[in-house]
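Data block below; observations after.
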Amino acid sequence: MKGKMVSVSYMLLGILFCVCLISANLLATKQVMLGAFNITAAMIVFPISYIVNDCIVEVWGFNKAKLIIWVGFLMNFLFALFGYIADLIPGAPYWDNAEGFHRIFGLAPRVVAASFLAFLVGSFLNAYVMSVMKVADGGRRFKLRAILSTVIGETADSVIFFPVALAGIVPFDKLLLMMGWEIVLKTLYEILVLPLTVRVVKVVKRMEGEDVYDRNISYNILKVSDI
């Protein structure tokens, strides 16, 4: 990325990041069984946002990842807001899907707040760990950095979301089990697709001629002047 120019690769990864977040909101309304455990269908897509996060930090650095995270947050917020407004508008007399529509878009404020907070903390932690470890490792051990950053980010996401959204609704022991299971599954997802992630990073680095090391930068996520 030269100066203020935005590369096609960066733009496409940013779009994919936002699509994953919005899709996760919709897919999370469906409960599915994996063996003896229940999870949401969002498991299909949500971990991809962490993989995209890893790629962006590895190629363009923390500040460019910060921009994508805040844009993703804004797009997710707008999607939830538009859905909430549409849910409030009375349906046509002949329309008989009000209950189904409400189940998808009429999310409780508590769940929405938990989701947004967990996303921000988890995503920024993921980006921070990738950035710091890259400098410390001199760019080596990308696979290890990708896995560790995902474990830390996904752990923070689950530790925040489940208690904030479900405490008092789901028994504490089951809540802990759900949290642990989500962390394990998302980490396994990262490991399984790691060969593809490595390939994408190599291709993008070669195409863009970029390999940023975040030396002497501010990790203040509210500082947008350096984006």
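The values are calculated or read from the model by the stated rules, or taken from the named source; none is laboratory data. Keep in mind the model is a prediction, meaning the values are calculated, not measured. Cβ atoms come from the backbone with ideal geometry, glycine included; neighbour counts cover every protein chain shown. For accessibility, only protein heavy atoms count, side chains too; no ligands or nucleic acids. Shrake-Rupley method; radii C 1.70, N 1.55, O 1.52, S 1.80 Å.
Observations on the structure shown:
- Within the stretch 119-134, residues that are β-branched (Val, Ile, Thr) reach partners that are in a helix (DSSP H, G or I) with beta carbons closer than 6 Å, at six or more positions or on different chains, in the pairs Val121/Ala156; Val121/Ile160; Val129/Ser149; Val129/Ile152.
- Within the stretch 117-140, the residues that satisfy the criterion of being of a type in the set (D, E, K, R) and either open to solvent by 20 Å² or more (accessible area, probe 1.4 Å) or modelled with pLDDT under 95 (or both) are Asp137, Arg140.
- Scanning the stretch 152-189 for residues that are within 17 Å of the chain's Cα centre (by Cα) and either surrounded by fewer than 18 Cβ atoms within 10 Å (Cβ to Cβ) or among the acidic types (Asp, Glu) (or both) yields Ile152, Glu154, Asp157, Val159, Glu182, Val184, Leu185, Leu188.
- Residue ID - modelled with the lowest pLDDT, chosen from residues in the stretch 10-38 that are surrounded by fewer than 15 Cβ atoms within 10 Å (Cβ to Cβ), in a loop (DSSP other than H, G, I, E, B) and touching a helix residue (DSSP H, G or I) at 6+ places or on another chain (Cβ under 9 Å): Thr29
- Of all the listed residues (Ala92, Ala86, Ala114, Ala98), the sole one being aliphatic (A, V, I, L, M), open to solvent by less than 80 Å² (accessible area, probe 1.4 Å) and within 21 Å of Ser49 (Cα to Cα) is Ala114.
- Every residue from the stretch 194-227 that is under 17 Å from Asn126 (Cα atoms), open to solvent by less than 40 Å² (accessible area, probe 1.4 Å) and either in a loop (DSSP other than H, G, I, E, B) or among the small types (Gly, Ala, Ser) (or both): Asp214, Ser218
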